[in-house]
Amino acid sequence: MKFTPFSVGGVRLRVSRLAWHLTWILALKFVLLTVLWHVFIKPERVRIDAQAMEARMTRPSQVSSMESSHDRSLSR
Amino acid sequence: MIDPSLVDLSRLQFASTAMYHFIFVPLTLGLSWMLVIMEAAYVMSGKPIYRDMTRFWGKLYGINFALGVTTGITLEFQFGTNWAYYSHYVGDIFGAPLAIEGLLAFFLESTMVGLFFFGWPRLSKVGHLTVTTLMALGTNLSAVLILIANGWMQDPVGAAFNPVTMRMELTDFAALIFNPVAQAKFVHTVAAGYLTGATFVLAISSWYLLRSQHVEFARRSFRIAASFGLAGALSVIVLGDESGYTVSESQKSKLAAIEAMWDTEEAPASFNLIASINEQEQRNDWAVRVPYALGLIATRSLHEQLPGIREIRAQNRVRIESGMVAVKALETWRKNPEDSEAQARFKAHEKDMGYGLLVKRYVDDVAQATPAIVDQATMDSVPKVAPLFWAFRVMVGLGVALLILFGCAFWFSIRNTFQRKPWLLKWAFWSLPLPWLAIQSGWFVAEYGRQPWTVFGMLPTHLSVSSLSKASLYGSMAGFLGFYTLLLVVEMFLMFKYARLGPAALQPQHA
């Protein structure tokens, strides 16, 4: 097995090349997923609470085919 | 009121993505156990051909698994994006099995998939067989948890409505897990998956034998597929009967629609083999009937009566009127939590609240519902008959056709003459798409038959959708269509490539 030396806090470590590659791939994947989450998913967050559910089930609904104010987060 | 086209688009999107995902799942379910059988034969006999069989069919399994995972993830997101009200209302219950599936079953399955492919040179024979077995267990565990969630939508047990949080809450976890509807669905669905896996191996092995390629490899694969497939075909029929029995107990409207039974008959009811359905006049213009069959199959008794669609609608009308009282009482009670009269009125009619919500498809305020609206909601309370009637018959017909195929394949396998029967090999090869058609029909029966509910008797479909714009739904549909078509092309390309290569696909240059 091939080893790649690197240092953390002045301590010199030897890890296998495979472990080194896997660490990099996981780190990249984490960054990519975080970016995708913030760009595409977070702004689309749907927020439903008891009042929104009540509005749909009981009171005459104001919901139209357009987005209503209560089921989209205000952060959009 | 919710825009009906918004509801239809959301349903179409979920149905198409779920049915697409279910192209891959049954093959994974069936092929995983066939890999266990092949590898067990390798461990016991020490013959390298069984190892090659495990690796080759395992390669096709891996292609299918990767694409199945990709298409499954979008479904989980859709619960939040497209069905936000549904997720709020039942997330407490529905989310539990889904979370366990992700964290327990899928993690087990995907970890073992990695070890299966990369563990050959590193693990002992028994160690690798253990990995393959755990991979198959993970796959099936995944199915049981998904079907527990789906079974709860068909028969919502172990839960109660909380008027403070306006959502259903779990009251009995064991009831959720051991829901008879879910258990019956699980065994029926996985048996259908086993049949799919067996048909896949049988068809490709037949193709090799017809071309006299990889003969020894194909003969052994054919034999294993014939035995496993016969067991799968018999199981799917017997367990399908069990699934039908649970439907007769929990979803009488679905059963009546599947059987086009408009009027209540004297027990035991006859079975409509085929019929000309006249939805407008609520009758069958003509029908070929098998006396007593439906009553015996669905109730397992000579005396228990099955209600017809007219009787079910009449009962539902009463429940809708009672449910409307519950909805109004809930509204009053939430405005004034001290109003004990409203609370008592709500409690008295609570079990019918879901039915009262059916009128909200036509009117915002249930108090404004006219008798004509109540009539319309009553009509909606039973799904359309013709699509269910025919989808069910397609499923059963194909299941019986596959039973006959596997009966023949097994018979000629034990006589060791199957390789000299080109008609059998051609029949097996051309049967390749049949289990997928049967399975998709089965899912259609299960899900369309639950309409107009997302959670049977509790939450109507039209109240479950998010308030998205139609443009965003059309946009995401176009995205899914493009991406999924690309995935299907990739799947087909890889499957054809490696199936054509046969065991030669195991050579390093094709790794």
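Can you spot the aspartates and glutamates whose alpha carbon is less than 18 Å from B:LYS347's alpha carbon? Ignore those fewer than 8 places along the same chain.
A:GLU54, B:GLU169, B:GLU321, B:GLU331, B:GLU338, B:ASP339
Decide, for segment B:428-487, between rounded, prolate and oblate: order the square roots of the alpha carbon gyration tensor eigenvalues as a ≥ b ≥ c, take rounded if a/c falls under 1.5, and otherwise choose prolate if a/b is larger than b/c, else oblate. Before the final figure, lay out each step's value.
Details: a/c = 5.23, a/b = 1.27, b/c = 4.11.
Taking the square roots of the gyration eigenvalues as a ≥ b ≥ c, segment B:428-487 is oblate.
Which of the helices in chain B, when you take each full DSSP H run, stretch at least 30 Å along the axis at their Cα atoms and have an average Kyte-Doolittle score of -1.0 or higher? Before the final figure, lay out the partial values.
Details: long enough: B:4-45 (61 Å, 1.07); B:48-81 (50 Å, 0.19); B:125-154 (43 Å, 1.01); B:180-210 (44 Å, 1.05); B:215-250 (50 Å, 0.52); B:309-335 (38 Å, -0.50); B:385-414 (44 Å, 2.02); B:470-501 (46 Å, 1.07).
Qualifying helices: B:4-45, B:48-81, B:125-154, B:180-210, B:215-250, B:309-335, B:385-414, B:470-501.
B:ALA401 to B:GLU338: FRET efficiency via 1/(1 + (r/R0)^6), r the Cβ-Cβ distance, R0 60 Å, to the nearest 0.05? Each step should come with its number before you reach the end.
On the way: r = 65 Å, r/R0 = 1.08.
Using R0 = 60 Å, I get an efficiency of 0.40.
Taking H as built 1.01 Å from N, whose amide H comes closer than 5 Å to the amide H of B:ASN278, not counting residues under 5 places away?
Here the answer is B:ARG283, B:ASN284, B:ASP285, since their amide H atoms fall under 5 Å of that of B:ASN278.
I need the shape label for the protein assembly as shown. Rule: rounded when a/c is under 1.5, else prolate if a/b > b/c, else oblate, with a, b, c from the alpha carbon gyration tensor. If you can, show how the numbers build up before the last one.
On the way: a/c = 2.34, a/b = 1.32, b/c = 1.77.
Oblate shape, in that a/c is at least 1.5 and b/c is the bigger or equal ratio.
Note the buried accessible area between B and A here, summed over both chains, with a 1.4 Å probe, in Å² to the nearest 100. Don't skip to the answer; put the middle values down first.
Working: alone 22290 and 7020 Å², together 27020 Å².
Protein heavy atoms only, the B-A interface buries about 2300 Å².
Report, by chain and number, residues whose modeled amide H sits under 5 Å from the one on B:ARG289, excluding near sequence neighbours (fewer than 5 apart, same chain).
Here the answer is B:LEU273, since their amide H atoms fall under 5 Å of that of B:ARG289.
If a/c stays under 1.5 just call it rounded; otherwise compare a/b with b/c (prolate if a/b is bigger, oblate if not). Do that for segment B:112-271, with a ≥ b ≥ c from the square roots of the Cα gyration tensor eigenvalues.
Numbers: a/c = 3.75, a/b = 1.51, b/c = 2.48.
Taking the square roots of the gyration eigenvalues as a ≥ b ≥ c, segment B:112-271 is oblate.
Around B:SER276, under 12 Å between beta carbons, what's the net of Lys plus Arg minus Asp minus Glu among the other residues? Mind dumping the intermediate values first?
Details: positive: B:ARG283; negative: B:GLU279, B:GLU281, B:ASP285.
Value of the local net charge: -2.
Amide H neighbours of B:PHE161 under 5 Å, at least 5 residues apart or on other chains, H built in the peptide plane: list them.
Here the answer is B:GLU169, since their amide H atoms fall under 5 Å of that of B:PHE161.
At a 1.4 Å probe radius, carbon and sulfur cover how many percent of the accessible area of segment B:84-234? Walk me through the numbers before you get to the answer.
Working: 3740 of 5320 Å².
After summing per-atom areas, the C and S share lands at 70 percent.
Heavy-atom accessible surface, probe 1.4 Å, ligands and DNA/RNA ignored: which residues of segment B:318-366 lose at least 30 Å² versus the isolated chain?
Buried by 30 Å² or more upon assembly, which counts only protein chains, are B:GLU331, B:ARG334, B:LYS360, B:ASP364.
Estimate the FRET efficiency between B:TRP411 and B:GLU216 by the formula 1/(1 + (r/R0)^6), using the beta-carbon distance for r and 22 Å for R0, to the nearest 0.05. Let's see the in-between values first.
Values: r = 21 Å, r/R0 = 0.96.
Between B:TRP411 and B:GLU216 the formula returns 0.55.
Under 16 Å between alpha carbons, and skipping anything fewer than 8 positions from B:LYS59 in its own chain: which lysines qualify?
Reachable lysines: B:LYS497.
Quick one: which of B:LYS185/B:LYS252; B:LYS384/B:LYS470; B:LYS252/B:LYS351; B:LYS252/B:LYS384 span more than 22 angstrom between C-alpha atoms? List each step's numbers first, then the result.
Numbers: B:LYS185/B:LYS252 16 Å; B:LYS384/B:LYS470 25 Å; B:LYS252/B:LYS351 17 Å; B:LYS252/B:LYS384 14 Å.
In this structure, B:LYS384/B:LYS470 exceed 22 Å between Cα atoms.
Measuring from centroid to centroid over Cα atoms, what is the spacing of segment B:145-191 and segment B:1-66 in Å?
Their Cα centres are 24 Å away from one another.
Working out 0.36 nm times the residue gap between B:ILE73 and B:TRP120, then minus their Cα-Cα distance, what length gain in nm do you get to one decimal? Intermediate values should be presented prior to the final figure.
Numbers: separation 47, 0.36 × 47 = 16.92 nm, distance 2.88 nm.
Once the chain is fully extended between B:ILE73 and B:TRP120, it gains 14.0 nm.
In whole Å, how far is the Cα centre of segment B:289-312 from that of segment B:69-111?
Computed from Cα coordinates, the inter-centre distance equals 37 Å.
Here are some pairs, A:LYS29/B:LYS125; A:LYS42/B:LYS360; B:LYS254/B:LYS360; which of them have Cα atoms lying more than 29 Å apart in this structure?
On the way: A:LYS29/B:LYS125 34 Å; A:LYS42/B:LYS360 31 Å; B:LYS254/B:LYS360 22 Å.
Those over the limit are A:LYS29/B:LYS125; A:LYS42/B:LYS360.
The values are calculated or read from the model by the stated rules, or taken from the named source; none is laboratory data. A quick note: this is a predicted structure, and the numbers were derived from the prediction, not measured. Neighbour counts run over all protein chains shown; Cβ positions are idealised from the backbone, glycine included. Accessible surface is based on the protein model in full, side chains and every heavy atom, while ligands, DNA and RNA are left aside. Shrake-Rupley method; radii C 1.70, N 1.55, O 1.52, S 1.80 Å.
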